Amino acid sequence: MMTPNNAPYKYLLFKGDRSYRRYVQKDVLAKFRPAKTKDHASLNVNHHGSYGALLFHPNWKAKRKEILIRDMYRCVHCRSDKDLQVHHRQYHFVVSEQKFRFPWEYPNHLLITLCESCHNKGHNRYKVPTITI
């Protein structure tokens, strides 16, 4: 199993010009434009596609807002209200469909609000588990 230290992808970069990517092939971002997409079928990329592109999807924006409201717009770890991000406590790989769930398809108890600093520290220290369903 690969870890963030030896994986062939960029792990959690939220600022700057590069996208946050996970399990991404180089040519995927050029082919994958969810902002112009109306159905979920065309978002299906076997290796989860560009995660950064999915974060601009209206479904994720709505789910993110719901979690931020629930957590009162504060990091659940340090209580900061700066640079907030919504973190997935685990990822789900659906074997029958050979794809990861979309970011907005997770139940709310698997999503938490973290500031950028706590989010980065957590990902540097712990690997987010991938659950095979």
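The values are calculated or read from the model by the stated rules, or taken from the named source; none is laboratory data. Note that this is a predicted model, so its numbers are computed, not measured. Heads up, the Cβs are rebuilt from the backbone with ideal geometry, glycines too, and the neighbour counts pull from every protein chain shown. Quick note on the areas: whole protein, heavy atoms, side chains included, nothing else; ligands and nucleic acids left out. Shrake-Rupley method; radii C 1.70, N 1.55, O 1.52, S 1.80 Å.
If we scan the range 103-110, do we find a residue that is more than 19 Å from Ser50 (Cα to Cα), surrounded by 18 or more Cβ atoms within 10 Å (Cβ to Cβ) and either in contact (Cβ under 8 Å) with a residue 60 or more places away in the chain or touching a helix residue (DSSP H, G or I) at 6+ places or on another chain (Cβ under 6 Å) (or both)? No, every residue in the range 103-110 fails to be more than 19 Å from Ser50 (Cα to Cα), surrounded by 18 or more Cβ atoms within 10 Å (Cβ to Cβ) and either in contact (Cβ under 8 Å) with a residue 60 or more places away in the chain or touching a helix residue (DSSP H, G or I) at 6+ places or on another chain (Cβ under 6 Å) (or both).
Okay, residues lined up against (1) assigned to a strand (DSSP E or B); (2) open to solvent by 30 Å² or more (accessible area, probe 1.4 Å); (3) without any contact (Cβ under 8 Å) to a residue 24 or more places away in the chain; (4) over 21 Å from Ser50 (Cβ atoms):
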residue: Arg74; (1), (2), (3), (4): no, yes, no, yes
residue: Arg79; (1), (2), (3), (4): no, yes, yes, yes
residue: His87; (1), (2), (3), (4): yes, no, no, no
residue: Glu97; (1), (2), (3), (4): no, yes, no, no
residue: His119; (1), (2), (3), (4): no, no, no, no
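Within the range 52-68, residues that are over 15 Å from Leu84 (Cα atoms) and part of a helix (DSSP H, G or I) reach partners that are polar (S, T, N, Q) and at pLDDT below 95 with beta carbons closer than 8 Å, at six or more positions or on different chains, in the pairs Gly52/Ser19; Ala53/Ser19.
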